[in-house]
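Visitor: Pasting a structure here, questions to come.
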Amino acid sequence: MLRRERNDTAMKALQYLLIVVIIVAGVVGVICAMEYLPIEQEILPRWITEWLPPLGSASAGWLIFAVIAVIVVAALAVAAVHRAIDRRNPTA
């Protein structure tokens with residue numbers, strides 16, 4: 001019984017970690033969107049955006065793809081972990 005509780009605690013910790021990953025990827029995505037929007041003024045300070053690649057480069061495309069992929073995969077993983085926890089403890 002104690003082992004099952006430890007496994008449930010570990011799965012809940014993994015779920016919370018994945019939620020943090022989603023939030024961080026979302027923040028990076030918002031930073032990318034704010035920097036790459038075609039507007040005249042700069043919204044973000046230079047010290048935040050100096051690590052972003054230029055918009056037309058392949059690196060920018062890979063960064064945008066990575067942000068979207070991380071958000072989607074982490075969200076699916078959170079859902080899968082949640083279903084696994086519910087299957088193990090249907091009454092909890």
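The values are calculated or read from the model by the stated rules, or taken from the named source; none is laboratory data. Keep in mind that this is a model prediction, so the values were computed, not measured. Don't worry about glycine lacking a Cβ; one is built from the backbone with ideal geometry, like all the others, and counts go over all protein chains shown. Each accessible area value is taken on the protein alone, full model and side chains, heavy atoms only, with ligands, DNA and RNA left out. Shrake-Rupley method; radii C 1.70, N 1.55, O 1.52, S 1.80 Å.
Visitor: Between V24 and L55, how high is the FRET efficiency from 1/(1 + (r/R0)^6) when r is the Cβ-Cβ distance and R₀ = 22 Å? Nearest 0.05.
Guide: 0.50
Visitor: Right, next: Heavy atoms only, probe 1.4 angstrom, no DNA, RNA or ligands counted: give me V24, V70 ranked by accessible area, highest first.
Guide: Reading off the accessible areas and sorting them downward yields V24, V70.
Visitor: With axes computed from alpha carbons, what is the tilt in degrees of helix 58-88 against the longest principal axis of the chain, rounded to the nearest 10 within 0 to 90?
Guide: Around 20 degrees separate the two axes.
Visitor: Here's another thing I want to ask about it. Taking 2.2 N^0.38 Å as the expected size of a compact globular protein, what ratio does the Cα radius of gyration of the chain give against it, to two decimals?
Guide: After normalising by residue count via 2.2 N^0.38 Å, the value is 1.51.
Visitor: Which of these, L37, L14, L52, has the largest mean-square fluctuation under a Gaussian network model of the chain (Cα springs below 10 Å)?
Guide: L37
Visitor: Still on this structure, I have one more. Just in the stretch 40-75: which chymotrypsin sites (Phe, Trp or Tyr not before Pro) are loop by DSSP and have at most 14 other Cβ atoms within 10 Å?
Guide: Taking the stretch 40-75 and a limit of 14 other Cβ atoms within 10 Å, the loop chymotrypsin sites (Phe, Trp or Tyr not before Pro) found are W51.
Visitor: Mind checking the angle between helix 2-36 and the chain's longest principal axis? C-alpha axes, 0 to 90 degrees, to the nearest 10.
Guide: Between helix and principal axis, roughly 10 degrees.
Visitor: Of the GluC sites (Glu not before Pro) in the stretch 5-92, which ones lie in a loop per DSSP and count no more than 14 other C-beta atoms within 10 Å?
Guide: Of the GluC sites (Glu not before Pro), the ones in loops of the stretch 5-92 whose Cβ has at most 14 other Cβ atoms within 10 Å are E40, E42, E50.
Visitor: Could you work out what % of the accessible surface of the chain is carbon and sulfur, using a 1.4 angstrom probe and leaving DNA, RNA and ligands out of the count?
Guide: Here carbon and sulfur together make up 69 percent of the probe-accessible area.
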